[in-house]
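The numbers here are math on the coordinates, done by the rules we state, and not lab data. Only a predicted model underlies this, so the values are computations on that prediction, with no experimental measurement involved. Positions of Cβ are generated from backbone atoms using ideal geometry, with glycine treated the same way; all protein chains shown enter the neighbour counts.
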Amino acid sequence: MNEETGRFTVGVFQDLAWAERGVDALKNKGLAVESLSILGKSSPELSAFIERQLGAPQALDVKDLGATVARGPLVAALQGGDQGLGQLGISGTMRRVGFQAHDGRIFDTLTARGGVLVAIHSEPRAADALAVLHSYGGGNAAIGAWSGRV
């Protein structure tokens, strides 16, 4: 997993209502819509939200989560390579975007509980994105910066 996909800022909102407020705030802060990713357990409400915000969602079967819907650059980064979300899940693929395995397990657990994962692919604006995620309830929000070196 040495491929460079760029860095993401990631947080998990406790539910769709919080995610809607957070995504609106990210857009109001001037972060490009193309840089946003949304992922969560499949539901008609989440699919409609993703459609409104980013376009048609992609249906995925994610290990340990089951049926999910998602859209954005994070999905492509996590699906890359021989094994993607279906085989390794969120916890097994987050290293590709700069997070340690334990971060991936936290994001996986929060999403499994009904949370909505939101990611921003915008390294120059990572601090802005992180501030918004924290301000609007993005749980365990962090910037992926770990590159496997101590």
*Taking strands (runs of 3 or more DSSP E) that fall entirely within segment 1-116, which contain at least 3 residues that are in contact (Cβ under 8 Å) with a residue 24 or more places away in the chain and small (Gly, Ala, Ser)?*
66-71
_Count of segment 73-83 residues which are farther than 15 Å from residue 118 by Cα and in contact with a strand residue (DSSP E or B) (Cβ under 9 Å, 6 or more places away or on another chain)_ = 1
